[in-house]
Amino acid sequence: MIFNLDKTTSIANAFLAELRDENIQKDSMRFRKNMERLGEFFAYEISKTLEFQRKETQTPLGLANTAFLTEQPVLATILRAGIPLHQGLLNVFDQAESTFITAYRKNHKNGNFVIQVEYISTPDLTDKVVIMADPMLATGMSMVLCCKELLNRYQIKELHIVSAIASTEGVSHVRANLPKAKLWLGAIDEEMTSKSYIVPGLGDAGDLAYGVKQ
Ligand code: URA
């Protein structure tokens with residue numbers, strides 16, 4: 001299942017346009033905020049697929065019958081670029097627990113690199129709905145590696161993957177290696193540079209949110 005925001009029209013398309021805009025994205029606070037807003041939008045869309053149960057709520061004037069999530073998802077992300085998208089999801093799923101993974105591209109020179117997963121901080125994911133957020137799904141290698149690390153450790157009930165921008169190659173890689181995962185994407189771009197940056201993409205999401213890393 002792939003949800004592609006680009007195929008629908010809503011105000012959320014404007015968040016993505018601002019993330020991509022080379023002038024607006026220079027304002028790092030606005031960049032982080034737009035990524036967060038995108039996370040909130042995806043959380044709302046994902047919530048429509050989750051299980052709810054109806055319960056009575058006591059208002060000052062009587063009883064209202066309202067729908068509540070049956071169980072909380074766990075929100076996972078890859079540091080550091082994933083933080084604003086994760087925060088947006090957490091704003092909506094405000095009772096959810098979080099998983100943090102550190103992974104990075106090692107030997108990034110000449111476009112050759114391996115993905116290194118270093119550290120995972122997570123609650124028990126057994127039988128949980130996990131929503132993994134990473135703003136850019138470029139090769140899809142780090143996403144697949146991180147998800148597989150979690151899937152090897154835990155019997156996860158359902159896996160959702162959220163990205164602001166994916167490449168066609170990244171989508172294929174994820175679909176081939178994580179066929180059961182549901183994908184929630186802002187847009188799917190056709191090309192990548194020799195250093196595996198998405199074109200047109202938006203640039204380096206981590207650098208835009210938190211400063212250019214050494
Ligand atoms: N990571 C980014 O931040 N941008 C890309 O285009 C690809 C990976």
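Out of region 28-86, which trypsin sites (Lys or Arg not before Pro) are coil in DSSP terms and have no more than 13 other C-beta atoms within 10 Å? All intermediate terms of the calculation are to be shown ahead of the outcome.
On the way: sites: Arg30, Arg32, Lys33, Arg37, Lys48, Arg54, Lys55, Arg80; in loops: Lys48, Arg80.
For trypsin sites (Lys or Arg not before Pro) across region 28-86 that sit outside H, G, I, E and B with at most 13 neighbouring Cβ atoms in 10 Å, the list reads Lys48.
What's the Cα-based Rg to Rh of region 122-190, Rh via Kirkwood?
0.96
With a 10 Å cut-off between alpha carbons and a GNM built on the chain, which of Gln72, Gln155, Gln25 moves the most?
Gln155
Could you please tell me the mean projected area of the C-alpha convex hull for region 1-115, averaged over all directions and given in square nanometres to one decimal?
Its average projected convex-hull area is 10.9 nm².
Taking 0.36 nm per residue of sequence separation and subtracting the Cα-Cα distance, how much length would be gained by fully extending the chain between Gln116 and Asn23, in nm to one decimal? Please list the in-between numbers first.
Values: separation 93, 0.36 × 93 = 33.48 nm, distance 3.22 nm.
Contour length minus the Cα-Cα distance gives 30.3 nm.
Which residue, Ala133, Ala81, Ala176, has the most motion in a Gaussian network model of the chain that connects Cα atoms within less than 10 Å?
Ala176
Could you work out the longest stretch of the chain that avoids the GluC sites (Glu not before Pro) located in DSSP loops with at most 16 other Cβ atoms within 10 Å?
72-189
Using the Karplus curve 6.51 cos²θ - 1.76 cosθ + 1.60 with θ = phi - 60°, what ³J(HN,Hα) values do you get for each residue of region 163-172, in whole Hz, with x for Gly and Pro?
9, 5, 9, 10, 9, 4, 5, x, 4, 4
Work out, step by step, the length gained on full extension between Leu79 and Lys213: first 0.36 nm times the residue separation, then minus their alpha carbon distance; give nm to one decimal.
Length difference between fully extended and current span is 47.0 nm.
If you filter region 154-214 for trypsin sites (Lys or Arg not before Pro), then keep DSSP loop positions with at most 12 other Cβ within 10 Å, what is left?
Working: sites: Lys157, Arg175, Lys180, Lys182, Lys195, Lys213; in loops: Lys157, Lys180, Lys195, Lys213.
Answer by residue number: Lys180, Lys213.
I need to check one value: relative contact order of the chain, counting alpha carbon pairs closer than 8 Å and at least 6 residues apart, in percent.
21
Just the number please: accessible area per residue for the chain, 1.4 Å probe, all protein chains included, in Å². Display every interim value, and only then the final one.
On the way: 11180 Å² over 214 residues.
Here the per-residue accessible area is 52 Å².
Leaving out ligands, DNA and RNA, what percent of the accessible area of the chain is carbon and sulfur, probe 1.4 Å? Let's see the in-between values first.
Values: 5610 of 11180 Å².
Solvent-exposed carbon and sulfur of the chain make up 50 percent of the total.
Evaluate E = 1/(1 + (r/R0)^6) for Thr70 and Asp6, where r is the Cβ-Cβ distance and R0 equals 35 Å; express this FRET efficiency to the nearest 0.05.
Working from the Cβ atoms, E equals 0.70.
At q = 0.07, 0.12, 0.13, 0.17 Å⁻¹, what log₁₀ I(q)/I(0) does a Debye calculation on the Cα points of the chain give, no solvent, two decimals?
Log10 of I(q)/I(0), two decimals: -0.22, -0.61, -0.71, -1.20.
Tell me the accessible surface of Thr8 in square angstrom (1.4 angstrom probe, heavy atoms of protein chains only), to the nearest ten.
In the full protein context, Thr8 sits at about 60 Å².
The values are calculated or read from the model by the stated rules, or taken from the named source; none is laboratory data. Keep in mind it's a predicted model, so treat the numbers as computed, not measured. Reconstructed Cβ throughout: ideal geometry from the backbone, glycine too, with neighbour counts over all protein chains shown. Note: accessible area is taken over every heavy atom of the protein model, side chains too, but ligands, DNA and RNA are not part of it. Shrake-Rupley method; radii C 1.70, N 1.55, O 1.52, S 1.80 Å.
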